[in-house]
Every structure is written in C-alpha cells, then in structure tokens.
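As structure tokens, the structure follows; a few thoughts come after it.
The values are calculated or read from the model by the stated rules, or taken from the named source; none is laboratory data. If you're wondering where the values come from, they're calculated on a predicted model, not measured in any experiment. When we count neighbours, we look across all protein chains shown, and the Cβ atoms used for this are built from the backbone with ideal geometry, even at glycine. Just the protein is used for accessible areas: all its heavy atoms, side chains included, with ligands, DNA and RNA removed. Shrake-Rupley method; radii C 1.70, N 1.55, O 1.52, S 1.80 Å.
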Amino acid sequence: MSALAPVDPLRLTTANHAPIHPAGDYVLYWMHSARRPGYNFALQQAAAMACQLQVGLVVFEPLVCDEPYASLRFHHFVLQGMRDNQQAFATMPILYYPWLETKAGEWNDLLSRLAHKACLVITDRFPTTPVDSRVKTVANSLPVQLQTVDSNGLLPLQLVERDYPTAYAFRRFLQKVLPAFLNQHPLADPLQGLTLPQPKLPAELLRRYPIADPHALLRPGALDALPIDHRIKPVGVEGGAKAAGERLLDFLCDDLAGYDLQRNQPDSDRTSRLAPYLHFGHLSVHEIFSRLAEAEGWHAGRLALETSGRRSGWWGMSSTAEAFLDELVTWRELAYAFCARTPDYSSYESLPTWAQHSLNHHADDLRPVLYSPAQFEEAATHDPLWNAAQRQLREDGRIHGYLRMLWGKKILEWSLTPQLALNTMLDLNDRYALDGRNPNSYSGIGWCLGRFDRAWGPEREIFGKIRYMSSENTARKVSVKKYLQRYSGQKSLF
Ligand SMILES: Cc1cc2nc3c(=O)[nH]c(=O)nc-3n(C[C@H](O)[C@H](O)[C@H](O)COP(=O)(O)OP(=O)(O)OC[C@H]3O[C@@H](n4cnc5c(N)ncnc54)[C@H](O)[C@@H]3O)c2cc1C
C-alpha cells in the first residue's frame, strides 16, 4: 500500500467532535459536490486516510430527490456524470457506490448506516446553505469524525477573512495571496498506483439500497416514479466528467482565441459553457487552470510583481486567457467566498446598504410595464430579446452570459417591488439553469441589484443608482439577429 500526501490543512475542516475509529472497515467518501474521479482534493484526502489506516475506500455518490428544485433536468445531468464515474472507478482499487434516492429522506438512513462501519467520513465543502446545512446535520449525528474538504477554487476559502465589496478589491487581494497556491493542485489521478483492500458492504444494506445502474436510469421513463419536478426536461447538453473534458479542450482550441473580444456576442457565442460542469463538480477549476497554463506555455515566473488589482497584465498570459481567468478566478472565487461568509447570501437584506437605500427610495415609482412571475416564466413580455433569453433558459438550461445581465435588469424594471424581482430571478434561475443553485447564481443575481457594483448616475426611475441596461442598447452593441431567430418561440420550417 503506497502512501499519499494528505491535502493542505487550509482546505480541511473537522466538522464534528467524534473520533476517527481505526477499527472501522473503510474510509467513506460522501461525494456530493465534487462529482469527479480526478483533480479532487476530497477524494485525495479520503485515499490518503485509507492508506494511513490501511483500510479500503468506499466512494458513495448519492443522487437525492429532496433537494431544492430537484428535476428531470438535473437528475439526468448528474446520472450522466455517475455513468462516467462508474466507468472511471471500475479499474480502481475502491468500491464506488452510486445511489439513487426514491423516497425523500432515505439518504440520511443510508449514510448513517454506511458511516457506522467507517473509520471516518470525508465529504465535499460547498458554500451554499442547503448543502452546508445538510453537512452540518450529518456531522452532529455521526459516530465518527467528519472532515469536509474544499476543492472549490484555486484559493482555499478559509483564507478569505473579510468581505470584498467589489471585484477590483478582491482581485487586489488575490494578486497578493494567490501565487503561493498556484502550484498546489489536486492530483489528476489520486488513486493511481494505490493498492487498497477491497471493502465489502453488508448484503442486507445493498438489498435495501441497491447500487444504481446509471445506464439503465438514463433510459426514457426510468425516472417516472421519482418525486421530482418532471416538467423541467433534460436538455441537449451532456453531463459528466468526459463531456466536461471534451468541452474544455474544444474551448481551448476553438473559442478561447475569440473570448476576449467576442464573448459578449450572443450570435457567435465564444464563451466556455463550462459553468454546469463546474457547478456539479464534473470539472475542476484546477484542471481548467492547468490546461490553460499548458496551452499558454505559462509558468509562475510570468506573474507581475505589481498587485494593483488591474484586470489584465497580472497573469502574464495572452489577453484572451487573462479575460477568461478574470471570470473563472476573480469573479467565481469572489462569489464562492461571499456565499461562504454570508449565510443569507440570497436575501434582499444582504445587498449593499447603498443599493437597498436607493431601491427603497424608488420603491413607489410608477412602473409603466409590470409582469407577474408567471408571465416572466412563460416568456410572455413585450420584449423579443428578453423573451428569447428566457426561452433559452427554459429550453437549454442557460442564458448567454451577456444577456443574463439584461435578463435580470429587466426583471427588476418590470416587477412590482425589488424584493419580488429578486425572488423571481432566484426562482427562475435555480429552477431552469443547469448551473443554478450555485454561489455564482446568487452573486450574479445580486449584481443586477447592485452587489459588487458601484452607484451609477444619472439616478433613474425604479433603478435609482443601480446600473441600468436596456434591450435597445444591447441589440445595438452586440449581435443578436441569429439569437432572436433561434429563440423566437416559432418552430423552424427547415
Ligand atoms: C442574473 C445572473 C445570474 C447568473 N447565474 C449564474 C448561475 O446560476 N451559475 C453560474 O455559474 N453563473 C451565473 N452567473 C454568472 C455568469 O453569467 C455565468 O457564470 C456564465 O454566463 C456561465 O457561462 P460560461 O460557463 O460560458 O462562462 P464563461 O464566460 O466561459 O466563464 C468561465 C467561468 O467563469 C465563471 N464566471 C463567468 N462569469 C462569472 C460571473 N459574472 N460571476 C461569477 N463567475 C463567473 C463561471 O464559472 C464560468 O463557467 C449569473 C450572472 C447573472 C447576471
């Protein structure tokens, strides 16, 4: 049995006071957010602990039905990931246990039974309240130690010790502290070369909670009996670590060159479309960074010494790679750190004080156009571009990045109150977007209401000092002709 270095303590939290049980049968990795076999600090930590304790490793990947917004769309995407994981783990010295919950709450019983036979449990850290509360509840009930491992970003979340009001302020901080972590990558294949004992699970447990067969569950009708939302159908995007890796390579080869100048153009769409894979953990930000650095022939010696918070020039990469990293690292890790530090991250009260004052001050302004949440959901507004964005959300589970901002701003303009606008955005985004229910969801939606932004003039009706956007200006600035045709709501005749 070879040894494996445990992960940096900054990424590790002991979530309860229960001890490690060396006489247990195995180490249990409860995989719920970093759903991948490689570039995964939690899996690496679980493997390291299994080596240290000289026991086997069980990787338990549940797909539960009592999660907020559970639907066919998200179940399909996760099952496609489980299918890839099953294949990847088949040749590895562990027991992979993919499992589908059929009755809400069963997962708790199963996890507790698995934990009772374990030396300790290791799980993913993910900074959203539903996931965090679930982990906390489990931590308090387990007879063995629960460790949470943070694989979320290039920077460990624990290092962010204060709030950053803007991306500029956060970028400055990152430029100071990130260099020390740029070589700290999870292993691409943490199980390679390990010889661990093969763990066995009790036959009675497996009879009661059978190992899922993702292939069978992806067949039409296989999920019909599940208590999840069946109106939200799967989309054409394939989930899983394999599809994520392929999309990453295609992006680096074909789209990255145009990212800097064309990413805001909905018609040409040069964005990475990696957000759903990052959300479900099918892809790691560390892998993206490694492959990008390789493609750019980059090394840490290229980093600028100056840490002024400038958006470009710090990394020492091409301008297009730097534009991409500003989204992937600055904006994404700002969102994750914000949610980790602000448990009520999606509430109106969590918006900056200046933004709340300004919105409240304009709360009674006349709203010439008003829509109900149901009208928004049905894409039934007077505005063809907004309706097209909403149709893209419903049909494809995403909105092009630039139009997503317009989508949010118009919901603010056409809702009775800013609080109602916030609720509508949260509900539609979490319900339909593959990458919804993510820290970026709450920072992006909050941004439409002033978060991480500054006050803008002239002060306007309804918006107050919140940055304004209009469909007319957007259609003038970026190309949307093909986009409007594609999401017109009319069936194509060709
Ligand atoms: C109203 C609104 C809602 C949003 N909801 C979500 C959401 O539910 N999930 C989500 O991941 N992002 C959300 N965003 C942020 C952003 O729009 C998406 O991350 C991006 O459009 C995803 O597409 P992509 O993967 O092609 O991004 P790319 O442009 O290729 O960027 C690469 C990666 O960087 C990160 N990123 C890009 N833009 C941002 C940003 N503004 N803030 C934080 N991270 C960013 C994402 O992880 C993304 O996958 C939202 C933005 C707004 C304005």
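A few notes on this one:
- Dipole magnitude of the chain, debye to nearest 20 (Cβ charges: Lys/Arg +1, Asp/Glu -1, about Cα centre): 340 debye
- The Leu261 and Asp66 beta-carbon pair, evaluated with R₀ = 45 Å, returns a calculated FRET efficiency of approximately 0.50.
- Ratio of the Cα radius of gyration of the chain to 2.2 N^0.38 Å, where N counts its residues: 0.99
- Of all aspartates and glutamates in the structure, those lying under 12 Å Cα to Cα from Lys482, and not within fewer than 8 positions of it along the same chain, are Asp267, Asp269.
- For the range 348-486, the equivalent ellipsoid built from the Cα gyration tensor has semi-axes of 23, 17, 14 Å, listed from largest to smallest.
- Average 1/r across all pairs of distinct alpha carbons in the range 346-402, invert it, and you get the Kirkwood radius: 13.7 Å.
- If you wrap the tightest convex hull around every Cα atom of the range 291-398 and split its volume per residue, you get 199 Å³.
- Full extension of the chain between Ile211 and Glu306 yields a length gain of 28.9 nm, computed as 0.36 nm times the residue separation minus the alpha carbon distance.
- Listed peptides 436-447, 219-230, 36-47, 60-71 by packing density, highest first (mean Cβ within 10 Å): 36-47, 436-447, 60-71, 219-230
- Relative to its residue count, the range 63-134 spans a Cα convex hull of 116 Å³ per residue.
- Across all C-alpha atoms in the range 1-151, the radius of gyration and Dmax reach 14.5, 43 Å.
- 10 Å binning of all Cα-Cα separations within the range 241-341, expressed as whole percents from 0 upward: 14, 46, 34, 6
- The range 219-259: C-alpha gyration tensor shape, a/c 1.5 cut-off, then a/b vs b/c: prolate
- Above-threshold pairs, the threshold being 19 Å between Cα atoms, out of Lys233/Lys409; Lys409/Lys477; Lys410/Lys477: Lys233/Lys409
- The residues Tyr348, Tyr371, sorted by heavy-atom accessible surface at 1.4 Å with ligands and nucleic acids left out, run Tyr371, Tyr348 from largest to smallest.
- For the pair Gln490 and Val177, the difference between a 0.36 nm per residue extended length and the Cα-Cα distance amounts to 107.6 nm.
- Computed from Cα atoms, the angle from the helix 241-250 axis to the main principal axis of the chain rounds to 50 degrees.
- Contour minus Cα-Cα distance for Ala380 and Glu395 (0.36 nm per residue): 3.9 nm
- Radius of gyration over Kirkwood radius for the range 401-449, both on Cα atoms: the Rg/Rh ratio is 0.93.
- Degrees between helix 285-295 axis and first principal axis of the chain (Cα, 0 to 90, nearest 10): 80 degrees
- With Cα atoms, 0 to 90° folded angle of helix 167-177 axis to the chain main axis: 40 degrees
- Contact order for the chain, expressed relative to its length and based on alpha carbon pairs under 8 Å spaced 6+ residues apart, stands at 18 percent.
- Centre-to-centre, using Cα atoms only, the range 126-170 and the range 73-108 are separated by 23 Å.
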